[in-house]
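Colleague: One structure follows; several queries about it will come next.
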Amino acid sequence: MENKMEKRYGLPTAISMVIGIVIGSGVFIKGGKVLSLTNGNMVQGIAVVGIVGLICIICSLVFATLGSKYEKVNGVVDYAELALGPKYAYYVGWFMTTIYTPALCAMLAFFSSMMFLQLFNIPAIDFSTGQVNFAAIGVGAGFLMLGFGVNALSPKLAGKLQVGMTVIKLIPLILMGVVGTIAGLINGTTLDVLNYVNTPAYTPVDGSGFFKAIVGFTFAYEGWILATSINSELKDSKKNLPRALIIGCCVTIVIYALYIWAMSSVGDVETIKQTWPFGESLPRIAFSKLFGGAVGTIVYVFITISCLGTMNGLIMACCRNMYSVSARGMGPRPEFYGYIDEQNNFSIKSAVLGMMSAGFWYAWTVALWMGGPGLFGQIHSCEWLAWEPDEIGIICLYLMYIPMMVGLMVKAKELGFVKRFILPGLGVLCCLFFCYAIWIGYGWKQCVGFLVFFAIVMALGWLIEYIRRKQDAAQAS
């Protein structure tokens with residue numbers, strides 16, 4: 001009997017996974033960051049939402065084309081193999097396994113902790129010193145371990161939770177988007193916020209601020225590609241995966257634009273800007289102003305659940321990463337990490353490795369990037385190490401998309417002109433734009449520092465694969 005995962009998910013789960021991964025803490029946290037980086041310019045803030053959303057739509061259309069052609073074990077790795085062969089697929093899978101997905105899981109665990117502690121007015125970080133609260137570290141670590149435990153032991157339950165939490169997380173966003181927009185237009189606060197750019201208090205932002213906002217908000221949209229991790233477990237995936245990607249991305253753009261616009265109901269631009277750098281208090285301010293303090297707190301419970309839903313979707317993908325590499329007979333001990341447990345038809349060993357990787361990035365995030373609990377001095381202020389693992393990892397993945405899109409243009413001779421050349425060509429331009437944005441927005445030191453780290457991790461992946469091939473050759477002889 002072939003050792004494969006069962007077809008357990010339908011189109012609703014796939015759509016829920018796209019929306020569930022994408023919509024979460026990103027918009028609640030990065031929304032305040034965007035409005036701060038644009039210095040309260042609401043039009044520029046909405047432009048950031050639209051630009052990043054359009055890029056994601058274009059890229060999702062490219063991958064929807066690939067999804068209609070190919071199905072194996074993990075969408076993005078499958079597509080890398082289709083475009084450039086198994087070796088490139090291995091390195092994409094290795095990057096997803098070691099850096100991209102576990103780093104996002106770690107960041108979401110901490111953000112979920114931030115939102116949860118806001119319910120009790122406990123700050124997660126002392127912004128005057130940059131030090132992280134021990135309570136925030138512990139709660140975030142607990143969320144991370146719980147998420148991996150549920151996904152590894154009961155993947156079907158994790159899928160059902162994803163659908164439920166997706167519905168829950170849409171409640172505060174739609175409520176705020178609709179009611180906030182109406183209230184802002186009626187009481188005039190929207191006009192006040194829009195007119196802020198004409199007041200003496202407004203200082204136009206330079207290019208780096210706008211590009212920083214674009215890079216920062218990629219986090220709010222990111223994750224749609226991870227829905228492809230359930231490719232082999234999705235019923236009729238060649239039709240349902242493209243549908244899920246396109247529907248999920250379009251719904252997300254509309255909801256985000258409404259939510260960011262509704263922030264104008266706060267009325268005071270300075271209050272919005274003061275929620276920098278994370279903006280986790282902005283939703284409470286906005287909801288409390290519209291609905292009162294009690295309702296604002298209740299809605300914050302929904303926001304916390306939505307953040308946990310995003311984390312759960314990321315963990316669903318993280319648990320499957322090493323399996324997707326091992327299923328190709330590559331990486332460390334493929335027969336070990338590619339084994340499907342008979343009891344729950346899932347790769348427990350792949351999930352455990354995913355949890356260990358996420359644990360590493362969780363420690364990196366709270367200790368180095370955020371400053372830690374006063375244990376690491378000023379190492380987190382070093383520009384070579386100060387890159388945000390989530391944001392720069394996302395841009396690096398877009399850089400790795402470029403060869404896949406070029407490969408589609410070269411190999412997919414059966415496709416029409418639009419699908420073969422126009423969409424992938426636009427996708428390449430979008431990916432290059434993201435790379436330019438992070439270089440201008442964050443500076444060359446952070447970019448080069450991350451690329452050095454990236455090169456070391458990729459070299460380790462090459463060494464592991466080289467040793468495995470040598471061992472296989474020795475056994476065959």
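Colleague: Search the structure for amide H atoms under 5 Å from the amide H of Ile125, placed 1.01 Å from N in the peptide plane, and list their residues when 5 or more places away or on another chain.
Modeller: Distant-sequence amide H within range of Ile125: Asn133.
Colleague: Here's something else I'd like to know. Among the listed pairs Lys30/Lys169; Lys30/Lys445; Lys87/Lys470; Lys87/Lys349, give every one whose C-alpha distance is greater than 21 Å.
Modeller: As for pairs spanning more than 21 Å Cα to Cα, those are Lys30/Lys445; Lys87/Lys349.
Colleague: Still on this structure: So between Leu451 and Ala363, what do we pick up on full extension, going 0.36 nm a residue minus the alpha carbon distance?
Modeller: 29.7 nm
Colleague: Any idea of Tyr88's accessible area? Nearest 10 Å², probe 1.4 Å.
Modeller: About 50 Å², ignoring ligands and nucleic acids.
Colleague: Could you give each residue of segment 414-422 its phi-based ³J(HN,Hα) in whole Hz, using Karplus coefficients 6.51, -1.76, 1.60 with θ = phi - 60°, and x for Gly or Pro?
Modeller: Per residue, the Karplus-derived 3J(HN,Hα) values read 7, 7, x, 4, 5, 6, 7, 10, 5 Hz.
Colleague: So, one more: Would you please put 441-453, 382-394 in order of how densely packed they are, using the mean number of other Cβ atoms within 10 angstrom per residue and starting with the highest?
Modeller: Highest to lowest by the protection proxy: 382-394, 441-453.
Colleague: Now for a different question. By per-residue mean of other Cβ atoms within 10 Å, what is the highest-first order of 43-49, 28-34?
Modeller: Per-residue Cβ counts within 10 Å, averaged per peptide and sorted highest first, yield 28-34, 43-49.
Colleague: When the solvent-accessible surface of protein heavy atoms is calculated with a 1.4 angstrom probe, in what order do Glu222, Glu414 fall, highest first?
Modeller: Ranked from most to least accessible, the order is Glu414, Glu222.
Colleague: Using θ = phi - 60° and the Karplus relation 6.51 cos²θ - 1.76 cosθ + 1.60, list the HN-Hα couplings for segment 108-120 in order, rounded to whole Hz, with x at every Gly or Pro.
Modeller: Per-residue couplings from phi come out as 5, 4, 6, 4, 4, 5, 4, 5, 4, 5, 4, 4, 10 Hz.
Colleague: By how many nm would the segment from Val167 to Phe417 lengthen if fully extended, with 0.36 nm per residue of separation less the alpha-carbon distance?
Modeller: Length gained, Val167 through Phe417: 86.2 nm.
Colleague: Could you work out the percent of alpha carbon pairs in segment 134-218 separated by over 15 Å, rounded to a whole number?
Modeller: 78
Colleague: Amide H to amide H under 5 Å from Ser154: which residues, 5+ apart in sequence or cross-chain, H placed 1.01 Å off N in plane?
Modeller: none
The values are calculated or read from the model by the stated rules, or taken from the named source; none is laboratory data. Since the structure is predicted, the reported quantities are computational estimates derived from the model, not experimental observations. All Cβ positions, glycine included, derive from the backbone under ideal geometry; neighbour counts span all protein chains shown. When the accessible area is computed, the model is the full protein with side chains, heavy atoms only, and any ligands, DNA or RNA have been set aside. Shrake-Rupley method; radii C 1.70, N 1.55, O 1.52, S 1.80 Å.
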